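Below is one structure; the comments refer to it alone.
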Amino acid sequence: MRGKRKTLNAKDYQDISIWVDKYEDLFSDYDSRDFTERALSDDFILEVRKLVREMPSENIELKFNLLIEPSNPETEAIITKNIHEHFAFFAEVIKDEMDTIFRNGCIMTGLGFALIVALIYVGNVAEANSFLSGSHVALEPIGWFLAWTGLDMMFQQSKKEQETIQFNLKMTKANISYASFGIPLDLMSASETTEGTVETTITTTNTPSKVIPCGNSLRIAS
């Protein structure tokens, strides 16, 4: 009997609320292409990655809250598609790189142990031949180097980006929602805290009292 696929409710997701002035804040300032092709902002990716690391759940919901720009479902559909495709692409790229390292490690390990076995055989027949004896001494370190380097590639280097792969896979499945508050610029005022952090105060009852900037007009709600 085929099992039923579990349907996730809103409460099954852990949400990340990110406040932006407008849709463009999610994209790189140096990329002037259309939304369908533009690269995501490094600030956005770094901030989301930091927050996702702190969440044990595999189910993430990104909530984008636009302070100024009005909602545009067509643009939001493009952004959602771009975000999922971006993280899916990099998950695949990094996975391919780690698989290549693992394969190369297997090859090096195999060559290293094959050389060691061959040198053991040569050592048994080289007692009366000074050239073979000298070759055995010179090549044995190479055999061990290949073997140990290959094992390191297989069990260490090929696993070091596993966390990055898992993060990207999480983001490919992330639920993405949008909310637009359309707050006029004259209703927002900036102030500097004692720690030197600039905070934006919102004079409306429909949004949190403060949003803390974290680069490229991205903000985390407080």
Of the residues SER158, SER135, only one is within 29 Å of ILE45 (Cβ to Cβ), surrounded by 15 or more Cβ atoms within 10 Å (Cβ to Cβ) and not assigned by TED's automatic domain parsing to the domain that holds MET55; which? SER158
Out of the range 164-176, which residues are of a type outside the set (A, V, I, L, M), in contact (Cβ under 8 Å) with a residue 24 or more places away in the chain and in a helix (DSSP H, G or I)? THR164, PHE167, ASN168, LYS170, THR172
Here the qualifying pairs (Cβ atoms under 8 Å; residues six or more apart or on different chains; first in the range 46-57 and touching a residue at least 24 places away in the same chain (Cβ under 8 Å); second crowded, with 16+ Cβ neighbours inside 10 Å and in a helix (DSSP H, G or I)) come out as VAL48/MET171; ARG49/PHE167; VAL52/PHE167; VAL52/LYS170; VAL52/MET171; ARG53/PHE167
Answer yes if at least one residue in the range 88-100 is among the aliphatic types (A, V, I, L, M), assigned to a helix (DSSP H, G or I) and touching a strand residue (DSSP E or B) at 6+ places or on another chain (Cβ under 9 Å), and no otherwise. no
Run down ILE83, ILE79 and say which single residue is touching a residue at least 12 places away in the same chain (Cβ under 8 Å), within 20 Å of GLU163 (Cα to Cα), touching a strand residue (DSSP E or B) at 6+ places or on another chain (Cβ under 9 Å) and buried (at least 17 other Cβ atoms within 10 Å of the Cβ). ILE83
Just one of (1) closer than 24 Å to PHE181 by Cβ; (2) out of contact with any helix residue (DSSP H, G or I) (no Cβ under 8 Å at 6 or more places or on another chain) trips up ILE120, so point out which. (1)
Return the only residue of ASP15, ASP34, ASP42 being modelled with pLDDT of 80 or more and more than 13 Å from ALA174 (Cβ to Cβ). ASP42
How many residues are in a loop (DSSP other than H, G, I, E, B), of a type in the set (Phe, Trp, Tyr) and surrounded by 12 or more Cβ atoms within 10 Å (Cβ to Cβ) when one looks only at the range 25-52? 1
Residue set LEU151, LEU185, LEU146; condition over 23 Å from HIS86 (Cβ atoms) and modelled with pLDDT under 90; output residue LEU185
In the range 86-102, how many residues are surrounded by 13 or more Cβ atoms within 10 Å (Cβ to Cβ) and either closer than 30 Å to GLU24 by Cβ or without any contact (Cβ under 8 Å) to a residue 60 or more places away in the chain (or both)? 9
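The values are calculated or read from the model by the stated rules, or taken from the named source; none is laboratory data. Predicted model only: the values in this text are computed from it and were never measured. Glycine also receives a Cβ, built like all others from the backbone with ideal geometry; neighbour counts cover every protein chain displayed.
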